[in-house]
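Asks: Have a look at the structure that comes next, please.
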Amino acid sequence: MEKNAPGSSKLKLCTACDGIFENPDFFICPRDGNKLIEAGRVDRLIGVMLNERYRVVEQLHRGGRTTIYRGRHELMGRDVAIKVLNPEWVCDQISIKRFQQEAQAVSHLQHPGVVTVYDYGFVPSGQPFMVMDLLPGETLHTKVVQEGPLSSARFRKLFWEICGAMAQAHDRGVVHRDLKPANILLTGIDEVEVPIIIDFSIARLMPSSSKTNQSLTQTGEILGTPLYMSPEQCLAASIDARSDIYSLGCTMFFALTGEPPFRGDSNIDTMELHMMGRVETGRLPPDLEPIVLKAMAKNHRDRYASMDQLGEALTGKPVDKRNWHERGLYLAGVGEKSKDQNEPPKKRKRFWFF
Ligand SMILES: Nc1ncnc2c1ncn2[C@@H]1O[C@H](COP(=O)(O)OP(=O)(O)OP(=O)(O)O)[C@@H](O)[C@H]1O
Ligand SMILES: [Mg+2]
């Protein structure tokens, strides 16, 4: 008999009486003796109230370590996304620490291009959860697979914005370490497409919490997704923001061609290609190729030194690292430096914050 993961169990259905049974030892309907069939899994978190505020409504995605649910803030009447560590990892201290670190890393950031986390807690059976904005839309991976590579104009705009979000993250000491098309959601705000970076599950907070981080990676464990990992990540060497620049370069290659730049027969082969293989030239638009290739340089010293530089190379404009609040003040004309010191100061608008 298959062992059920704690927190979920297989349901059995009687097609004669529509009875549903949770007992895995039932093969025959106790009511009418008919054979029972598998009716899928029941997720015991559905319907549960968390932190006395969020009701778990439905499962959106189940990954290896975590599950994402749609939830509802009952009093506010607002939908949220809830990420929960899967029950099989609840006894693994490293997984618990990483999960907590993901919430901490994201809460250091306030950028329209980074998912917002605003609550953290534990479900009744002990797994940690975090509450995030529910983002409608598809991942960059899904979009490209479904609709094909991005046009140059859309590419430049989206990646310029991603660079702005990542520039803020790096300024605040957060290295993502798992940038890839599946970790960028394309959502819409007033019909404008906006990229939002998610899944900081292996992000690294530097430097104040470097002690904690060492203990999370001290075994020389290789973390990341091989198709998008930097050469130094493949070697489990120490990494900095330039590793994210490499992964973003691979993500750019995917966005423009529909394929990752390197794909070996095994993960080890793919990692070897990141360390030693040459990127196939002639597949990218000629004006974008040098930018992507520079982001993907094997030696981190040959890459763009920062996300600011990479973003500026894409559009010629400095990236926007400001959070919503600062942008709001800027649009309202507050906090702007007068270009001409002799100009009379602008009349300031008044604000009331509630
Ligand atoms: N805030 C959100 N709003 C809407 N959908 C989300 C949100 N966060 C994640 N998702 C969905 O869930 C999927 C998986 O999320 P995420 O990348 O954070 O976890 P994961 O890769 O499954 O993590 P792990 O591999 O550790 O289990 C995303 O691709 C996206 O479709
Ligand atoms: Mg992910």
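The values are calculated or read from the model by the stated rules, or taken from the named source; none is laboratory data. The structure presented is a predicted model; accordingly, all values stated were derived computationally and were not measured. Cβ placement follows ideal geometry from the backbone for every residue including glycine, while neighbour counts extend to all protein chains displayed.
Results for (1) at pLDDT below 95; (2) within 23 Å of residue 141 (Cβ to Cβ), shown as yes or no for each residue.
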| site | (1), (2) |
| --- | --- |
| 207 | yes, no |
| 226 | yes, yes |
| 230 | no, yes |
| 263 | no, yes |
| 271 | no, yes |
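Asks: Hey, another quick one. Residues of region 43-61 being closer than 16 Å to residue 125 by Cβ, charged (D, E, K, R) and part of a strand (DSSP E or B), which ones?
Replies: Residue satisfying the conditions is 43 alone.
Asks: Restricting attention to region 170-200, which residues are part of a helix (DSSP H, G or I) and over 13 Å from the mean Cα position of the chain (by Cα)?
Replies: 170, 171
Asks: Residue 291 - would you say it is of a type in the set (A, V, I, L, M), assigned to a helix (DSSP H, G or I) and either modelled with pLDDT under 95 or farther than 20 Å from residue 159 by Cα (or both)?
Replies: no
Asks: Any idea which residue in region 247-288 is nearest to the chain's Cα centre (by Cα), counting only those that are within 23 Å of residue 175 (Cα to Cα) and in a loop (DSSP other than H, G, I, E, B)?
Replies: 260
Asks: Could you check, for region 102-113, whether at least one of its residues is part of a helix (DSSP H, G or I), more than 16 Å from ligand 2 (Cβ to nearest atom) and closer than 14 Å to residue 200 by Cα?
Replies: Yes, the conditions are met somewhere in region 102-113.
Asks: Here's a check for you: in region 256-294, which residue that is touching a residue at least 60 places away in the same chain (Cβ under 8 Å) and touching a helix residue (DSSP H, G or I) at 6+ places or on another chain (Cβ under 8 Å) is surrounded by the most Cβ atoms within 10 Å (Cβ to Cβ)?
Replies: 256
Asks: Check region 81-89 and report whether any residue there is farther than 17 Å from residue 63 by Cβ, surrounded by 19 or more Cβ atoms within 10 Å (Cβ to Cβ) and free of Cβ contacts under 8 Å to residues at least 60 places away in the same chain.
Replies: No; the residues of region 81-89 include none that is farther than 17 Å from residue 63 by Cβ, surrounded by 19 or more Cβ atoms within 10 Å (Cβ to Cβ) and free of Cβ contacts under 8 Å to residues at least 60 places away in the same chain.
Asks: Can I ask one more? Quick test for you: out of 55, 70, 98, pick the one residue that is basic (Lys, Arg) and farther than 30 Å from residue 167 by Cα.
Replies: 55
Asks: Let me ask something else. Select from region 298-314 the residues that are part of a loop (DSSP other than H, G, I, E, B) and crowded, with 18+ Cβ neighbours inside 10 Å and write down the one among them that is nearest to the chain's Cα centre (by Cα).
Replies: 306
Asks: Same structure, new question: Keeping to region 108-155, report how many residues are out of contact with any helix residue (DSSP H, G or I) (no Cβ under 7 Å at 6 or more places or on another chain) and within 14 Å of ligand 1 (Cβ to nearest atom).
Replies: Residues that pass the stated criteria total 16.
Asks: Only residues that are surrounded by fewer than 16 Cβ atoms within 10 Å (Cβ to Cβ) and part of a loop (DSSP other than H, G, I, E, B): list them for region 115-130, please.
Replies: 124, 125, 126, listed by residue number.
Asks: Here's another thing I want to ask about it. Failed condition for residue 87, given (1) of a type outside the set (A, V, I, L, M); (2) modelled with pLDDT under 95; (3) within 16 Å of ligand 2 (Cβ to nearest atom), with all others met?
Replies: The one condition residue 87 does not meet is (3).
Asks: Name the single residue, out of those in region 156-204 being among the aromatic types (Phe, Trp, Tyr) and touching a Leu at 6+ places or on another chain (Cβ under 6 Å), that is farthest from ligand 2 (Cβ to nearest atom).
Replies: Ranking the qualifying residues of region 156-204, first place goes to 160.
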